[in-house]
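Working notes, structure below.
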Amino acid sequence: MRAKSGWAVMLLGALGCGGPEARAESPVSTGQAPLLAPSCPTGGARRVKVVIPPGTPEPPPFAGLSPAGFVGVQGTAYFTVNYPDGASVLWRTQGTEGSTAQVRAFSAMWPERALSPRAPLGDKLLFTVYTPESGREPWVSDGTEVGTRLLKDVTPGPEGTAMSQVSVWGNSASFFRTRQVLTPPRTQVELWRTDGTEAGTRMEVNLGVLSTLSERYVRTTSAHFFFMSNATDGTSLWRTDGTAGGTVFVKKLDAGQVPVMDVGTTQDGAVGLFTLLDGGNTEVWKTDGTAAGTVRLETFGKRMLMLGSLVGSVYLVDSAYLPIMTLSSVSLAGGGKANVTQLENPWGNDPDAGTYVQGVVRSGDTLYFSVAIGTSGPAPRRVWLWVTQGTAATTRRVPAALSTSDEYWSPLIAADNGGVVFTAGGEGSFAVPWVSYGTDETSSEITTSPSRTHLATAFARVGNRIYFGAGDDTGYHQLWAMPSNVSCTP
């Protein structure tokens, strides 16, 4: 399976079944100096606790047995371990072994429990889990077993509720519910709000059955933007603050039903950004929540992937499977696009050596993104981490060997002070944690204790810690953490 455009499935087997790395040919020329040998402080990343007991049956391929779904609630991180037999365990931690404890275990069953932490709700966690009596419904937890309960059977009976686009508003949260109504069945879209109590969980707005809700949405510092479309009215932008009175139509974006591709915000989080794919053209938009402030900035006559924004521009790269990837910019002040630079591909003369982005994260004034160079087979021949601050001079690659498995893509997460934590190859190991602050000298494998790790997954930040699951000397993926300001020095 060769990913030839945009975002492919991020992790097919990231949680324990990563396939073999592709054998990479020697490049024509890297044009990079050798990586220096910085050092990380001892214990840069530490195992917090063994959360998957020794002797647990090995999962089948693609099952994904690892701590995941991290959500922070007032300094406490909640996470889940979903077992292949359908059992699930909700955990909480504050980053130490003593503070890490099971909240509630849900017994094995079929279909699987699929417990998913969703959002903080005041001092509680909002999550979803399947039970035979209620189906998959919203639950809340205060961090104790007795305080973990069904919030409300929103769709009465065992059918379960299709929840999406959970958004937090202080001590309450909103979400969309979609359900089939009428004969023949049609999808009704509803906005719900909850304060963490059954009585306070109610429908705010019935948006009817005439339009389809896009999976994509934008959350700014003040509003949640969502997209609706139908064959008669085309594609429109709406905004909500989670209440009936604050849910309003903003602007018609297109006369047709066009897909929303990439979403984001400006660096300060105040303005929403998104792209539309109209035929083969990529449109770049911004919105401040008003009709006048919802503007199409530029149009590219090809498919583009939006990386994110820095200061006064938004940055994009080619989404098609091309040997040479071009970094472009669009001014947020009112349009105007420019080619910033082209990204190096030593195999550019090979028609199979197309490029595609695997991951992207903004950290401070810097964008980091991983670019894979393909082959005729399913696995890429090389994956490099690139860094840019928006100019050709600041666009360069970090010489670390990211995973070239077709089943495991190296995750990225922002660290403090403009850095990034990711996974790359290490001596005698596979896909271990690394950190970079954008230069060769500040890029290195992160020291781990008490053992080495492999196939690190599910990076998530809660407070001043970055949590993740990683394989180690126990033979399983356990709970690990590192400080969010982890760094290495030459």
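Please treat every number below as a calculation from the coordinates, not as lab data. The model shown is predicted, which means the values in this text are computed figures rather than measured ones. All Cβ positions, even for glycine, are placed from backbone atoms using ideal geometry, and neighbour counts span all protein chains on display.
Structure notes:
- Note on the chain: Kirkwood hydrodynamic radius from all Cα pairs is 23.9 Å, rounded to one decimal.
- Restricting the range 260-318 to trypsin sites (Lys or Arg not before Pro) in coil, as DSSP defines it, with at most 13 other Cβ within 10 Å: 302
- The range 158-313 shape via C-alpha gyration tensor axes, a/c threshold 1.5: oblate
- Within the shell defined by Cβ-Cβ distances under 12 Å, the residues around residue 241 carry a net charge of +2, with Lys and Arg each +1 and Asp and Glu each -1.
- Along the axis of the charge dipole computed for the chain (Cβ charges of +1 for Lys and Arg, -1 for Asp and Glu, origin at the Cα centre), the listed residues 105, 388, 165 are led at the positive end by 165.
- The range 80-141 - Rg over Rh from alpha carbon coordinates, Kirkwood radius: 0.99
- All lysines inside 29 Å of residue 286 as judged from Cα atoms, apart from same-chain residues fewer than 8 positions distant: 4, 251, 252, 302, 337
- Fully extended contour minus Cα-Cα distance, from residue 199 to residue 108, at 0.36 nm per residue: 29.7 nm
- Relative contact order of the chain, taken over Cα pairs closer than 8 Å and 6 or more residues apart, is 16 percent.
- Fully extended contour minus Cα-Cα distance, from residue 182 to residue 145, at 0.36 nm per residue: 9.4 nm
- Charge sum, other residues only, whose C-beta stays under 14 Å from residue 48's C-beta, Lys/Arg counted +1 and Asp/Glu -1: +3
- With distances taken between every two different alpha-carbon atoms, the range 109-167 has a Kirkwood hydrodynamic radius of 11.7 Å.
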